[in-house]
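K.L.:
There's a structure below that I have some questions on.
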Amino acid sequence: MATTYLDRANIYWKQANELLEKRGWSKASELAWGSVVEVIHALAESQGTKIKNHGALRDFIRTVAQQLQDNEIWRLFQKAEGFHANFYYEFMDEQEVKEIFPFIKEFLEKLGRLLPPRT
C-alpha cells in the first residue's frame, strides 16, 4: 500500500509542477499539498500507523520531527499546510507560491529518505 501512496505523491507532484508552469496557482498548491499528504501516509503506514484525519496527520509529522530531533520537518510541513488553504481561499500570489515550492520539494525528499526502499 505504501507504494500506492508514493505513486500518487509522484503523480500529484508532477501535475503540481506542470500547473505551476501554466500559472494555475491554487490548483498547483493543492496538488503539491496532496503529494505531501501521500508521502506522510506512506511513512505512517511503513511504521504501522493509519492516519484518519488532518489532526492525526499533523500529530504524526510533529512526532516524527520530535523523534528525529529535526525541527525542519515540522517547519517544512507548516509551509506545505498553507498550500492546502490556498486552494480554497487563493490568498497566495505567484511569487509566494513559487517561493514555497522548493520547500515542498525539500520536505518530500526528507520524508522519502525515511521510507524503506521500494521493492
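K.L.:
When A56 is evaluated against the numbered criteria (1) of a type in the set (A, V, I, L, M); (2) surrounded by fewer than 18 Cβ atoms within 10 Å (Cβ to Cβ); (3) touching a residue at least 40 places away in the same chain (Cβ under 8 Å), which criterion, by number, is the only one it fails?
P.N.:
Going through (1) of a type in the set (A, V, I, L, M); (2) surrounded by fewer than 18 Cβ atoms within 10 Å (Cβ to Cβ); (3) touching a residue at least 40 places away in the same chain (Cβ under 8 Å) one by one, A56 breaks only (3).
K.L.:
Name the residues in the stretch 1-50 that are hydrophobic (A, V, I, L, M, F, W, C), surrounded by 14 or more Cβ atoms within 10 Å (Cβ to Cβ) and more than 14 Å from the chain's Cα centre (by Cα), would you?
P.N.:
A2, L19, L20, W25
K.L.:
Between E30, E99, which is closer than 18 Å to N17 by Cβ and touching a Phe, Trp or Tyr at 6+ places or on another chain (Cβ under 6 Å)?
P.N.:
E30
K.L.:
Condition first: among the hydrophobic types (A, V, I, L, M, F, W, C) and under 17 Å from E38 (Cβ atoms). Now tell me which residues in the stretch 68-99 satisfy that.
P.N.:
Result: I73, L76, F77, A80, F83, F87.
K.L.:
Further, regarding this structure: I want to confirm something. Restricting to the stretch 92-104 and keeping residues that are in contact with a helix residue (DSSP H, G or I) (Cβ under 8 Å, 6 or more places away or on another chain) and either surrounded by 14 or more Cβ atoms within 10 Å (Cβ to Cβ) or modelled with pLDDT of 95 or more (or both), which single residue is nearest to S46 (Cα to Cα)?
P.N.:
I104
K.L.:
Sort out which residues of the stretch 65-91 are among the hydrophobic types (A, V, I, L, M, F, W, C) and in contact with a helix residue (DSSP H, G or I) (Cβ under 6 Å, 6 or more places away or on another chain), and write them in order of number.
P.N.:
A65, I73, W74, L76, F77, A80, F83, F87
K.L.:
Name the single residue, out of those in the stretch 61-87 being buried (at least 19 other Cβ atoms within 10 Å of the Cβ) and modelled with pLDDT of 95 or more, that is nearest to the chain's Cα centre (by Cα).
P.N.:
F77
K.L.:
Something else about it: For the stretch 26-44, name all the residues that are out of contact with any Lys or Arg (no Cβ under 9 Å at 6 or more places or on another chain) and at pLDDT below 95.
P.N.:
Of everything in the stretch 26-44, those that are out of contact with any Lys or Arg (no Cβ under 9 Å at 6 or more places or on another chain) and at pLDDT below 95 turn out to be S26, K27, S29, E30.
K.L.:
Can you tell which of G34, G24 is free of Cβ contacts under 8 Å to residues at least 24 places away in the same chain, touching a helix residue (DSSP H, G or I) at 6+ places or on another chain (Cβ under 9 Å) and closer than 22 Å to E96 by Cα?
P.N.:
G24
The values are calculated or read from the model by the stated rules, or taken from the named source; none is laboratory data. If you're wondering where the values come from, they're calculated on a predicted model, not measured in any experiment. Note that each Cβ is placed from the backbone with ideal geometry, even for glycine, and that neighbours are counted across all protein chains shown.
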